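Worksheet: the structure to be examined is printed underneath.
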Amino acid sequence: MSRSDWEVVIGLEVHAQLNTASKIFSGASTAFGAAPNVQACAVDIALPGVLPVLNRGAVERAIRFGLAIGANVASKSVFARKNYFYPDLPKGYQISQFELPVVQGGEITIRVGEGDKAYEKTVQLTRAHLEEDAGKSLHEDFHGMSGIDLNRAGTPLLEIVSEPDMRSSAEAVAYARALHALVRWIDICDGNMQEGSFRCDANVSVRRPGGPLGTRREIKNLNSFRFLQQAIDFEVQWQIDTIEDGGRIQQATVLFDPDTGETRMMRSKEDAHDYRYFPDPDLLPLVISPEWKARVASEMPELPGAMKARFMEQWGLSAYDATTLTASKEVAAFYQATVDAAGVAQAKPCANWVMGDLAARLNKAELDASASPVSPAQLAGLVARITDGTISNNIGKKVFEALWNGEGGTDANAADAIIEAQGLRQTNDAGAIEAMIDEVLAANQKSVEEFRAGKDKAFNALVGQVMRASKGKANPAQVNELLKRKLEG
Amino acid sequence: MINASLTELRAALDAKRISSVELATLFLDRIAAHNPSLNAFITVDRDGALAAARAADARIAAGNAGPLTGIPLAHKDVFCTEGVLTTCGSKMLSNFVSPYDAHVVSLLKAAGAVNLGKTNMDEFAMGSSNENSHYGPVKNPWDTTRIPGGSSGGSAAAVAARLAPIATGTDTGGSVRQPAGHTGITGIKPTYGVVSRYGMIAYASSLDQGGAFGASAADCAQLLTAMAGFDERDSTSLERPAEDYAREIAAPANDKPLAGLRIGLPREFFAEGMAEDVRAAVEAALDQYRKLGATTVEVSLPNARLAIPAYYVIAPAEASSNLSRFDGVRYGHRAAEYRDLAEMYAKSRAEGFGAEVKRRILVGTYVLSHGYYDAYYLQAQKLRRLIAQDFQAAFRECDVIAGPTSPTTAWAIGEKTDDPVQMYLSDIYTIAVNLAGLPGLSHPCGFGGGNLPVGLQLIGDYFGEARLLGTAHQYQQATDWHLRRPA
């Protein structure tokens, strides 16, 4: 049997570290990279007698997330203790939310694939809840012992749980990327995956299409989109192979090894802890008043979905363009600023530039749009010159390179300065263009004959010759039209 | 001076008839003389006390003294004290010197009170007799073959034997009121949330509450006033304006100072189970209250009988989790030898905890386990609500509730140690108050067989501390039980 006989079912649990300055239940700093245990206060190391106090900034970020995904932000939610022993869990329990999470439901629309095969899909979320992170166990450099670093203990996390709505690793990655963009967009998480600020666990199972859900295995702690994809692909194949070889999938937690590209079992269901959840008596139920929610809502930025719809409905962009331009907060802001400067009539050419030359250049330089050396106003100035016929699109690329390299200064009219300085203004003089066409036709009789024999390609070659003769400055539309007239006339 | 009230001590200090250093020395010497037989203190901090007393004398000389400046006291060893051993009565913390002060401790330090030391207690505040301490049992000053009650038995014995004029305690199921009753002193547990739990080593977080011991209601009122108050570090601390709990401590206006006061007598508390000597003392005290103008009315607490089972689900559940931090990793006892992490945990905890603590951790772990949670923990929470509702219904008919603090007087050391359930039943009158979060007070009301003190419990509605203290004070103005001292 082939892989197409199986349906893949994936749900994701994402731990997003909230970007508060202090921890979720103590005043210690959350900054990354400090020497071990210097950012662990009495509460974080769980001295006898200490008590947790909830950081309202963490709650506010959870509210923001709930509003962003159209979820129910619970007016009352409850912190619970998840009890287990581990040396980097100082209290012997993690404060989390269990039965009543702060965010309930919600959805995120993703776009999967490229080109004609691209499609949109809406992923339902189960919940998102607040909890504290544990510390870190360090198993090297201690001569057979383990070191404990509690700097991370008590760092606020939002655990975001999806329904098992994804049907391929591509969908899972698209969802994770959309979620990653969203938490950065609403400024609740820095999204730094290397530092562990955004970690994914994937629940994966396979089944016969339309059949009951298969037994799932959970792949823990995937900290890049590439690993997420590789781990799911490996796991899916392993599960299919196992079943087709007559085996059964046992519920388990597995780890992905990036070196081998394989998943391996960490613990089976039989080894699973009984966490003995119960409401934390040290914390009152978390009450979120309608006023609080309204205030947070009033401070929310325009969300990617709304922005995308506006780009499509008001600016006439395609779904692909609108999705691409709202894939990150920085790109969206750059594009919005470019159109603000260029005028809404230029929305489409601005989109092409932002998604085309600018994106390519940024990507090559590993910069994000907010760090672009070409400002939105400068790009708008360039687009204006192309639209008004001062330069051709091809010359525009040359001008863009000059802008990128800082030629033309930092002013909004830098493109004009470059065009003037380099004499790049387009020739619209029909007489001059006709003269160049005549020269080209005379020198390229072979191409003329080929064209007349029905080879359309020959026409393009002739246009190219004329453009070259003009050093790119001839108006291409004019060249096309005049050349056509000459050849047909 | 040994038997003086706080008001008298204040006057003597302010008039320079005695210095704080002299007063502290007086009590430190009494501790040195009597603690070997009573075992009321785990740690005596002579140097710290004398340093604090010198600072208090300077404050008094500068005219900056507050009500407790220069007054010696003792802290139950459940409160973290910076730089001072804080054991919670356990081998687990027998090496734990706290790097910080509990909120209560820092408030009393700031008030200029002089901490003499840390008092003995049942391990992690689990017990009714003070026999569960790693540091050995505390003896009742009235009869050293008997228990002083628990878990704050060291504080109660210290105040009863005048090793300290006042002392702090904590009360999770009766741990202030019951030992106060058994040692013939006054003790109050306020409404849950009045005293910050920050730095008070947790036994059962939703029930634990700091309280005060003194010879009289007037002394307790002063200590409670200094201990109480909102603390943003405790999320269950109540954000209310500061209160003077001594505001109803006043000389009797006439011979019926309690006229208009309705005292509710729960039918269930006066049914069988109460020893005859206790009943006689309690009935006599109620007669005295009626003489002072109060009226008594029978009320009912129909679910009170369920308080002990509910308590012995909720408290162990919370304790099993609260005590998980004692794992030998960061502080406290760690086994000398172990092969791996699991064995380090198992041996450190097996060695560090005593039998009763282990029993409650096991019970708590069981009732929170998958498949049992609904049947035990959730059910107990429902009972808890019913019990609280019973009290609210009763308070529609009365202003305070009265009854015995304990069903018997202090029993002999060792008498109930083999029967935990008999031990648990001794808290039958006090536990419901914690489940409801209400304030409760115990004051001496006479003696039973063997010249052992009997306590009367007064229970108030939420935030009724000042009234409870004022009521007890009127009783104490008309009686002298609170002035009696053990030989």
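For the stretch A:316-335, a residue qualifies if it is under 13 Å from A:Ala347 (Cβ atoms) and of a type in the set (S, T, N, Q), and exactly one does: A:Ser318.
In this structure, B:Ala342 does satisfy being among the small types (Gly, Ala, Ser), open to solvent by 20 Å² or more (accessible area, probe 1.4 Å), at the interface with chain A (Cβ under 9 Å from one of its Cβ atoms) and over 28 Å from the mean Cα position of the chain (by Cα). Only one of the numbered conditions (1) at pLDDT 95 or above; (2) open to solvent by 30 Å² or more (accessible area, probe 1.4 Å); (3) in a loop (DSSP other than H, G, I, E, B) is violated by B:Cys398, and that is (2). B:His482 passes every criterion in (1) touching a Pro at 6+ places or on another chain (Cβ under 6 Å); (2) open to solvent by less than 10 Å² (accessible area, probe 1.4 Å); (3) part of a helix (DSSP H, G or I) apart from (2). Among the criteria (1) open to solvent by 10 Å² or more (accessible area, probe 1.4 Å); (2) within 14 Å of chain A (Cβ to nearest Cβ); (3) free of Cβ contacts under 8 Å to residues at least 24 places away in the same chain, the one B:Leu238 does not fulfil is (3).
Selection of helices (runs of 4 or more DSSP H) fully inside the stretch B:1-114 by the criterion of at least 2 residues being aromatic (Phe, Trp, Tyr) and more than 23 Å from the chain's Cα centre (by Cα) returns nothing.
Scanning the stretch A:28-81 for residues that are buried (at least 22 other Cβ atoms within 10 Å of the Cβ), within 12 Å of another protein chain (Cβ to nearest Cβ) and among the aliphatic types (A, V, I, L, M) yields A:Ala40, A:Val43, A:Ile45, A:Ala46, A:Val50, A:Leu51, A:Ala80.
Specify which of the listed residues (A:Glu434, A:Glu450, A:Glu407) is acidic (Asp, Glu), under 30 Å from A:Pro376 (Cα atoms) and surrounded by 14 or more Cβ atoms within 10 Å (Cβ to Cβ). Selected residue: A:Glu407, the only one of A:Glu434, A:Glu450, A:Glu407 that is acidic (Asp, Glu), under 30 Å from A:Pro376 (Cα atoms) and surrounded by 14 or more Cβ atoms within 10 Å (Cβ to Cβ).
No other residue among A:Ala42, A:Ala35 is within 33 Å of the chain's Cα centre (by Cα) and part of a loop (DSSP other than H, G, I, E, B) apart from A:Ala35. Return the residues of the stretch B:63-122 that are more than 14 Å from every other protein chain (Cβ to nearest Cβ) and of a type in the set (Phe, Trp, Tyr); say none if nothing qualifies. Residues satisfying the conditions do not exist here.
In this structure, B:Leu469 does satisfy being more than 20 Å from B:Gln389 (Cβ to Cβ), open to solvent by less than 10 Å² (accessible area, probe 1.4 Å) and under 16 Å from the mean Cα position of the chain (by Cα).
For the stretch A:273-280, indicate whether the set of residues that are touching a His at 6+ places or on another chain (Cβ under 6 Å) and in the same structural domain as A:Ala170 (by TED's automatic domain parsing) is non-empty.
The answer is yes, given that some residue of the stretch A:273-280 is touching a His at 6+ places or on another chain (Cβ under 6 Å) and in the same structural domain as A:Ala170 (by TED's automatic domain parsing).
Of all residues in the stretch A:86-102, which are within 14 Å of chain B (Cβ to nearest Cβ) and open to solvent by less than 60 Å² (accessible area, probe 1.4 Å)? Selection gives A:Pro87, A:Asp88, A:Leu89, A:Pro90, A:Lys91, A:Gly92, A:Tyr93, A:Gln94, A:Ile95, A:Ser96.
Residue by residue, here is whether (1) touching a Leu at 6+ places or on another chain (Cβ under 8 Å); (2) farther than 21 Å from A:Asn405 by Cα holds:
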| position | (1), (2) |
| --- | --- |
| A:Ala319 | no, yes |
| A:Ala332 | yes, yes |
| A:Gln336 | no, yes |
| A:Asp340 | no, yes |
| A:Asn352 | no, no |
| A:Ala359 | no, no |
| A:Leu362 | no, no |
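For B:Ala319, the conditions (1) within 14 Å of chain A (Cβ to nearest Cβ); (2) surrounded by fewer than 24 Cβ atoms within 10 Å (Cβ to Cβ); (3) of a type in the set (A, V, I, L, M, F, W, C) are fulfilled apart from (2). Selection of strands (runs of 3 or more DSSP E) fully inside the stretch A:103-217 by the criterion of at least 2 residues being open to solvent by 40 Å² or more (accessible area, probe 1.4 Å) returns A:107-112, A:119-132, A:136-138. The residue that is farthest from A:Phe334 (Cα to Cα), among those in the stretch A:362-375 that are touching a Ser or Thr at 6+ places or on another chain (Cβ under 9 Å) and buried (at least 17 other Cβ atoms within 10 Å of the Cβ), is A:Leu362. Quick check on my filter: what residues within the stretch A:1-27 are surrounded by fewer than 19 Cβ atoms within 10 Å (Cβ to Cβ), closer than 26 Å to A:Arg177 by Cβ and of a type in the set (Gly, Ala, Ser)? Result: A:Ser4, single match.
Taken as a whole, the structure leaves A:Val254 outside the set of residues that are touching a residue at least 40 places away in the same chain (Cβ under 8 Å) and of a type in the set (Val, Ile, Thr).
Taking the conditions exactly as written (within 27 Å of B:Ser426 (Cα to Cα), of a type in the set (Asp, Glu), in contact (Cβ under 8 Å) with a residue 60 or more places away in the chain and within 14 Å of another protein chain (Cβ to nearest Cβ)), does B:Asp208 satisfy them or not? Answer is yes for this residue.
Here the strands (runs of 3 or more DSSP E) wholly within the stretch B:153-248 that include at least 1 residues being aromatic (Phe, Trp, Tyr) are B:210-214.
In the stretch B:350-378, what residues are within 13 Å of another protein chain (Cβ to nearest Cβ), over 16 Å from A:Tyr84 (Cα atoms) and not aromatic (Phe, Trp, Tyr)? Across the stretch B:350-378, the qualifying residues are B:Gly352, B:Val363, B:Gly371, B:Asp374, B:Leu378. Residues that are open to solvent by 20 Å² or more (accessible area, probe 1.4 Å) and at the interface with chain A (Cβ under 10 Å from one of its Cβ atoms) were ranked within the stretch B:327-339; the one that is farthest from A:Lys136 (Cα to Cα) is B:Tyr331.
The values are calculated or read from the model by the stated rules, or taken from the named source; none is laboratory data. Keep in mind the model is a prediction, meaning the values are calculated, not measured. A quick note on method: Cβ atoms are made from the backbone with ideal geometry, for glycine too, and the neighbour counts reach across all protein chains shown. We work out accessible area using only protein heavy atoms, side chains counted, and drop any ligands, DNA or RNA first. Shrake-Rupley method; radii C 1.70, N 1.55, O 1.52, S 1.80 Å.
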